[in-house]
1. I'm checking my understanding of the structure. Among residues of region 124-149 that are part of a helix (DSSP H, G or I) and over 27 Å from the mean Cα position of the chain (by Cα), which one is nearest to residue 219 (Cα to Cα)?
2. Of all the residues that make up region 83-120, how many are more than 16 Å from the ligand (Cβ to nearest atom), in contact with a Phe, Trp or Tyr (Cβ under 8 Å, 6 or more places away or on another chain) and charged (D, E, K, R)?
3. Out of (1) assigned by TED's automatic domain parsing to the domain that holds residue 310; (2) in contact with a Leu (Cβ under 6 Å, 6 or more places away or on another chain), what's the single condition that is false for residue 93?
4. Would you check if residue 431 is crowded, with 17+ Cβ neighbours inside 10 Å and either charged (D, E, K, R) or assigned to a helix (DSSP H, G or I) (or both)?
5. Can you find, within region 162-178, the residue that is farthest from the chain's Cα centre (by Cα) among those that are part of a helix (DSSP H, G or I) and away from the ligand (no atom under 14 Å from the Cβ)?
6. Which number in (1) farther than 23 Å from residue 235 by Cα; (2) without any contact (Cβ under 8 Å) to a residue 24 or more places away in the chain; (3) surrounded by 17 or more Cβ atoms within 10 Å (Cβ to Cβ) marks the one condition that residue 409 misses?
7. With the structure loaded, tell me whether residue 159 is in contact (Cβ under 8 Å) with a residue 60 or more places away in the chain and more than 12 Å from the ligand (Cβ to nearest atom) or whether it fails that test.
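The values are calculated or read from the model by the stated rules, or taken from the named source; none is laboratory data. Computed from a predicted structure; not experimentally measured. Here the Cβ is made from the backbone with ideal geometry for all residues, glycine too, and neighbour counts use every protein chain on show.
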Amino acid sequence: MDSAELDKRHVWHPFTQMREWNAGEPLVIVEAEGAVLRDAQGFEYLDGNSSIWTNLHGHRRAEIDGAIREQLGRVAHTSFLGLTNDVAPQFAFELLRAITRSDTPEGWRVFFSDDGSTAVEAGLKMIHQARQQRGEKERRVFVSLGAGYHGDTVGAMSVGHSTVFHSAYRGLMFGSREVMSPACYRCPFNRAAPERGMDARLSRKCEWECVGAAAKALDDLGDAASAFVMEPRVQGAAGMTMHAHGYLSRIAALCRERGVWLMLDEVMTGFGRTGAMFACQHEGVMPDVLALGKGITGGYLPLAATVASAEIFAAFDGEHSEWRTFFHGHSYSGNQLGCAAALASLRLLGTVHPMAHVRSRGEFLRVLAQKFWEHPNVGDVRCEGMICAIEIVEDFVTRRRFPAENRTGFRVSEAARKHWLITRCVGDVLVLMPPYCVSEEQLAQAVDGLWRALCGVVPAK
Ligand code: PMP
């Protein structure tokens, strides 16, 4: 039996209505090279969303392949409980150098896990336990952004605020305080920058009402606030919504003034995706906890990291008998193959794909994507680094969405496959975020493919 048939009989896919899946013909990817994927029939596609935001340097990148092979020649995995290895500490050091931009990143600690959700989960538990052990037992409440998504484990869901993803599990989740997302396009204070054809007078000068709302939430909570959790600059699963420059640094200042820790989820934005190595570096912000995953191995293997400040780490210091240990861990913590890939990927970010490269490729994509403004149902085209999002709406002026049941974005993404492009929308937000190795010709072809798919599903009257 071929893979497609076996899949339909035995496999359960993530975020997928399996009845619908089983009625269709699955695309079976068998090979890839660079930014291109190849299916079982030999058809090729551009990996337009970097295999769900993970791949950085392209597929079958010689340096990463080689690093994994070399590691495989020695050992694939040994336990990180009671042992260490000769790869994970090297990667921890290099990672901290990249985060702190210092050759002596003293005090910071890297806790390894397997994916973005576990990196977030570990961060939340670390913060909660640190508060307890510092005698700040009242500081229990996490504050997080509207529409936020931080993963699917129960803790990560609890600091998320996405109706679609979380409503079925509400009964399992602990409460967190939601503050408005600073996503400019749907700013309820009508402060969004004017777009094509908009009367500039309609949008008023931004007075950082979103920061005011966050300050009010923190003040209401007072000493109950433990940490502010957010994706910096771009909220991925919320629809690639983008924040104005200055929001993050203002939130960091509010937190600092109030003794609230800042936990940044850079699972999607990390490792250059926004045109800076880490999105927080755009605003010179250093969080207390940083969650990383996805691109950490260049998109090769499941590895994740939670980086903690010296202050948080110090809260766990003590004699064994004091039970201040961080009681959390995973079988594959510090996995050698993953860390070898991660080290190789980090080196490529310093050599083949430095931030100047990501920014210039991203700028090329941004300029190409301006074409989408020609379509009457495109409400917003927003780009940061190598992320380009095109939000389609039923009505441009009021920004009214298409009815969700129309699944407009989904149909456009599906149609794009016939135009050489694989991507996945978030609701009605179309996403182009290919690996950094993508060529200018491939970008032009991808934009053209998405444009044709859009015009096929939503004719430009
Ligand atoms: N945080 C963010 C910002 C994410 O985008 C995601 C995944 N889309 C996660 C956490 C969860 O990561 P994973 O799917 O690897 O568990």
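1. Ranking the candidates gives 132 first.
2. Of the residues in that region, 1 qualify.
3. (2)
4. Values: crowded, with 17+ Cβ neighbours inside 10 Å: yes; either charged (D, E, K, R) or assigned to a helix (DSSP H, G or I) (or both): no.
In short, no.
5. 171
6. Just one mismatch for residue 409, condition (1).
7. Values: in contact (Cβ under 8 Å) with a residue 60 or more places away in the chain: yes; more than 12 Å from the ligand (Cβ to nearest atom): no.
No.
Table: residues versus (1) in the same structural domain as residue 277 (by TED's automatic domain parsing); (2) in a helix (DSSP H, G or I); (3) over 30 Å from residue 409 (Cα atoms).
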| position | (1), (2), (3) |
| --- | --- |
| 306 | yes, no, yes |
| 328 | yes, no, yes |
| 342 | yes, yes, yes |
| 389 | no, no, no |
